[in-house]
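Notes follow the structure.
The values are calculated or read from the model by the stated rules, or taken from the named source; none is laboratory data. Given the structure is predicted, the values throughout are model-derived calculations rather than measurements. We place every Cβ from the backbone using ideal geometry, glycine too, and count neighbours over all the protein chains shown.
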Amino acid sequence: MSRAEVAQQVADVRVTPGLWEIRTAVSDVVAPELPRELAARLRSPRPPIRHCITPEQAQPASFPALLARSGDCAVQDFSMTGGRMRGRMLCRAGTARQVAAEMSGSYAPNAFNYRHRIETPAPGVGGAITLTVQTAGRRVGDCPAGGEQAP
């Protein structure tokens, strides 16, 4: 999709500025010859991240990850409408390090929840490494005075 096509998809999306808490969890990991201990570590809980979103960052035109083709990546079949989002991204297509990502989920001005499925070739052993990641965010209040980062 072109930058203009992606921009059209996010044009009506509203994000409420303020302090947001984001939680990410790896729900599944599949990889050839992956030790059980490493798979368990990848699935272990992660602490939430808090981040302030300014009024400027809350504007649809400032969603850089969605609006731009970053590096060798291209957005495909992306849509955000009616509180639902879905899409695919392909990076370095046709190379040994090709990464494909699919996402689907929901969004609202004060919260989002989506699932990513990321697949890349396994180095040296053949096959693919596949991660399934769940990410949820919600606005938890106003930003602390004097800074963008929160404790």
Residue pairs qualifying under the 6 Å Cβ cut-off, at least six apart or on distinct chains, with the first in region 73-92 being farther than 15 Å from Ala7 by Cα and surrounded by 14 or more Cβ atoms within 10 Å (Cβ to Cβ) and the second being small (Gly, Ala, Ser) and at pLDDT below 90, are Leu90/Ala74
Review point. Restricting attention to region 83-103, does a residue exist that is modelled with pLDDT of 90 or more, of a type outside the set (Ser, Thr, Tyr) and farther than 23 Å from Gln8 by Cβ?
Key: yes
Result of the Cβ filter at 8 Å on region 121-140, keeping first residues that are within 8 Å of Pro32 (Cα to Cα) and partners that are part of a loop (DSSP other than H, G, I, E, B) and hydrophobic (A, V, I, L, M, F, W, C), at least 6 apart or interchain, is Ala122/Ala31; Gly127/Ala31; Ala128/Ala31; Ala128/Ala122; Ile129/Ala31; Ile129/Leu34; Ile129/Ala122
Val125 meets each of (1) crowded, with 17+ Cβ neighbours inside 10 Å; (2) touching an Asp or Glu at 6+ places or on another chain (Cβ under 8 Å); (3) not charged (D, E, K, R) with one exception, condition (1)
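With region 1-73 as the region, which helices (runs of 4 or more DSSP H) entirely inside it contain at least 3 residues that are in contact with a strand residue (DSSP E or B) (Cβ under 8 Å, 6 or more places away or on another chain) and at pLDDT below 85?
Working: elements: 3-10, 36-43, 64-67.
Passing ranges, in order: 3-10.
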When Leu19 is run through (1) closer than 26 Å to Asn110 by Cα; (2) out of contact with any Gly (no Cβ under 6 Å at 6 or more places or on another chain); (3) of a type in the set (A, V, I, L, M, F, W, C), the failure sits at (2)
